[in-house]
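Report on the following structure.
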Amino acid sequence: MLVIHTIADIRMRLRGVNGIALVPTMGNLHHGHLDLVRIARQRGQFVVVSIFVNPLQFGINEDFFKYPRTLDQDCKLLEGCGADLVFAPSESDMYPQPQQVKVALPPIANELCGTFRPGHFSGAATIVLKLFNIIQPEIAVFGKKDYQQYYLMRQMSEQLNLPVKIVGAETVRAPDGLALSSRNQYLKDEERTEAAFLYQMLTGVRQAILNGEKDLGWLQGQGLDALVSRGWRAEYVEIRSQGNLEKSRMEEKNLVILAAAWLGKTRLIDNLEVFLDGGSA
Ligand code: PAF
């Protein structure tokens, strides 16, 4: 497995390589990421994993400086699971000058997480587009844990006619249901135990929908109240249409329940798809 640090080197190395599958990451890899690599391996001929903590997608008071950077450990994990090349560029190579050209996304980027993290998705889309231009993959794999990001990447690829197929990977969970995330390690022991409640709340809301509850606004309120009553600082619990992330209408069959909430100093997000037509997640 090659580890390459500069844009010039990776362009040279990838000249003439076909069937590239890209897994964009910010590093500090866990089993969820390794699952993305496994999917990339199945779908592509040459697997590139990028590792770059992207300053453009962090707000000024967010965790950019404390975000865990564990490149050696990440490379060891990747060696054993089918990655061909790791691209770990420096900030000065990716952003030699202030990045003023940015991807403008559909208005839905300002809802859900976008309400609480202004500019986040444009920053993420901009680095992903830069990575696409440098690496020229045929396929890129994104985790559905970041459901809104996954949706917006598909929109970007479709609306800008990028020759990249965006593939979604199911969320990988700990045995108690907590979605794997690099930010879980910020949780103190007692918070880690409580963190599984986010998933329990989502499964409760999903069950209520499957049982025929039609008042989705009321259900969202129930979900929020449940979090708040246990000491969470909830940002949102929303039931949206899978197809466009708009507020869902009663007749819609494929819904997704999305939530973001703080436990102490850690912001967690999660979501669950609901298929009312008998489809499966
Ligand atoms: O999901 C992430 O880790 C990041 O948003 C991504 C896609 C690697 C862009 O920095």
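Once you compute Rg and the Kirkwood Rh from C-alpha atoms, what is the Rg to Rh ratio for the chain?
So for the chain, dividing Rg by the Kirkwood Rh gives 0.96.
On C-alpha positions alone, give me the angle between the axis of helix 189-210 and the longest principal axis of the chain, in degrees, nearest 10.
Once rounded, one gets 70 degrees.
Considering Cα pairs under 8 angstrom that are at least six residues apart, work out the relative contact order of the chain and quote it in whole percent.
17 percent
Quick one: which of Lys102/Lys130; Lys66/Lys188; Lys144/Lys188; Lys66/Lys165; Lys145/Lys247; Lys145/Lys165 span more than 21 angstrom between C-alpha atoms?
Lys144/Lys188; Lys66/Lys165
Quick check: net charge around Tyr186, other residues with Cβ under 15 Å of its Cβ, Lys/Arg +1 and Asp/Glu -1?
That works out to +2.
Where nothing but the Cβ of Lys and Arg (+1) and of Asp and Glu (-1) is charged, how large is the charge dipole of segment 167-281 around its Cα centre, in debye to the nearest 20?
Working: 14 positive and 17 negative charges, 55 e Å.
Using only the charged Cβ atoms, the result is roughly 260 debye.
Where nothing but the Cβ of Lys and Arg (+1) and of Asp and Glu (-1) is charged, how large is the charge dipole of segment 88-197 around its Cα centre, in debye to the nearest 20?
That gives a dipole near 240 debye.
Given the peptides 103-113, 147-157, arrange them by the average over their residues of other C-beta atoms within 10 Å, most packed first.
Highest mean packing first, the order is 147-157, 103-113.
Applying a 10 Å radius around every beta-carbon, put 67-74, 267-274, 11-18 in order of their mean neighbour count, most first.
The densest-packed peptide leads the list: 267-274, 67-74, 11-18.
Between the helical axis of 147-159 and the dominant principal axis of the chain, each derived from Cα atoms, what acute angle in degrees is found, rounded to the nearest 10?
50 degrees
Say R0 is 41 Å: what FRET efficiency, to the nearest 0.05, do Asp176 and Asp277 get from their beta-carbon distance?
On the way: r = 30 Å, r/R0 = 0.72.
Efficiency computed from Cβ-Cβ geometry: 0.90.
Pulled fully out, how much extra length does the chain show between Glu251 and Phe64, if you take 0.36 nm times their separation in residues and subtract their Cα-Cα distance?
So the extension gain works out to 63.2 nm.
Report the full-extension gain for the segment Ser241 to Asp72: residue separation times 0.36 nm, less the Cα-Cα distance, to one decimal in nm. Write out the running numbers ahead of the final one.
Values: separation 169, 0.36 × 169 = 60.84 nm, distance 4.01 nm.
Stretched out fully, the Ser241 to Asp72 stretch lengthens by 56.8 nm.
Projected onto the charge dipole of the chain (+1 at Lys/Arg Cβ, -1 at Asp/Glu Cβ, origin at the Cα centre), which of Ile257, Gly168, Gly231 gives the Cα projection farthest towards the positive end?
Gly168
What percent does the relative contact order of segment 97-165 come to when contacts are Cα pairs within less than 8 Å and at least six residues apart?
Computed over segment 97-165, the figure is 32 percent.
Answer with one residue from Gln207, His120, Leu245: the one whose Cα lies farthest towards the positive end of the charge dipole of the chain, charges on Cβ with Lys, Arg +1 and Asp, Glu -1.
Final value for the positive-end residue is His120.
Provide the convex hull volume over Cα atoms per residue for segment 135-192, in Å³.
Working: hull volume 5.6 nm³, N = 58.
Per-residue hull volume (Cα only) is 97 Å³.
Could you tell me whether segment 191-248 comes out rounded, prolate or oblate from its Cα gyration tensor? Rule is a ≥ b ≥ c as square roots of the eigenvalues, rounded for a/c under 1.5, then prolate if a/b exceeds b/c, otherwise oblate.
prolate
So what is the 222 nm mean residue ellipticity for the chain from helices alone, if each DSSP H run of at least 4 adds -39500 (n - 2.57) and you divide by all residues, rounding to the nearest 500 deg cm²/dmol?
That calculation yields -11000 deg cm²/dmol at 222 nm.
Can you compute the charge dipole magnitude of the chain about its Cα centre, using +1 on each Lys and Arg Cβ and -1 on each Asp and Glu Cβ, nothing else charged? Give it in debye, rounded to the nearest 20.
460 debye
For the peptides 168-180, 253-265, 131-143, what is the packing order when you average, over each peptide's residues, the other Cβ atoms within 10 Å and list the highest mean first?
Highest mean packing first, the order is 131-143, 253-265, 168-180.
Would you work out the relative contact order for segment 224-281, in percent, from Cα pairs under 8 angstrom that are 6 or more residues apart?
29 percent
Of Ile108, Thr70, Phe52, which is farthest along the charge dipole of segment 52-178 in the positive direction, counting Lys and Arg as +1 and Asp and Glu as -1 at C-beta?
Ile108
Read-outs: derived from the displayed coordinates by stated rules, not from any lab. The shown structure was predicted, so the numbers you read here are calculated from the model rather than taken from an experiment. Every residue, glycine as well, gets a Cβ built from its backbone with ideal geometry; the counts of neighbours run over all protein chains shown.
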